[in-house]
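Presented below is the structure to which this report refers.
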Amino acid sequence: MYCIDKGRGPIGAGQGGSQPMKNIGGMKLYEVEDLVRMLKLSRVTVQAYLRAGRIRGVKIGKRWHVTDSNLRDFLTGNTKGKDSAGRGR
């Protein structure tokens, strides 16, 4: 089970001793493989959730990236409101 710890990101994300996320421009970003490990879902399921908008993310090149904030929204059931760029839908 995953829970949210303010300031540190989803608990369970750092299992194994290392943080899987990337930090770009001060934003924590997760890729599909990071989400597969953390959420214990298949790669196909994570990609389907991203395409459907169930998990909000942005595709850069061929890779999906999900912010820490968007991952928190998914884990808490808050999947409506703003898109990955922070704009209202």
Answer with yes or no whether residue 21 is surrounded by 17 or more Cβ atoms within 10 Å (Cβ to Cβ), in contact with a helix residue (DSSP H, G or I) (Cβ under 9 Å, 6 or more places away or on another chain), modelled with pLDDT under 85 and not small (Gly, Ala, Ser). yes
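Identify all residues within segment 19-72 that are basic (Lys, Arg) and outside any loop (DSSP other than H, G, I, E, B); write none if there are none. Don't jump to the end; show me each part of the working.
To start, the set of residues in segment 19-72 that are basic (Lys, Arg) comprises 22, 28, 37, 40, 43, 51, 54, 56, 59, 62-63, 72.
Those that are basic (Lys, Arg) and outside any loop (DSSP other than H, G, I, E, B): 22, 28, 37, 43, 51, 59, 63, 72.
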Within the group 6, 40, which residue is modelled with pLDDT of 95 or more, exposed (fewer than 11 other Cβ atoms within 10 Å of the Cβ) and not small (Gly, Ala, Ser)? 40
Kindly provide the set of residues from segment 18-68 that are in contact with a Ser or Thr (Cβ under 9 Å, 6 or more places away or on another chain) and not hydrophobic (A, V, I, L, M, F, W, C), ordered by number. 28, 30, 53, 54, 56, 57, 65, 67
Run residue 53 past the list (1) on the phi > 0 side of the Ramachandran plot; (2) small (Gly, Ala, Ser); (3) surrounded by 11 or more Cβ atoms within 10 Å (Cβ to Cβ); (4) modelled with pLDDT under 90 and report the number of the one that doesn't hold. (4)
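The values are calculated or read from the model by the stated rules, or taken from the named source; none is laboratory data. Predicted model, so just to flag it, every value in this text is computed and none were measured. Cβ coordinates were reconstructed from backbone atoms using ideal geometry, including for glycine residues, and neighbour counts include every protein chain displayed.
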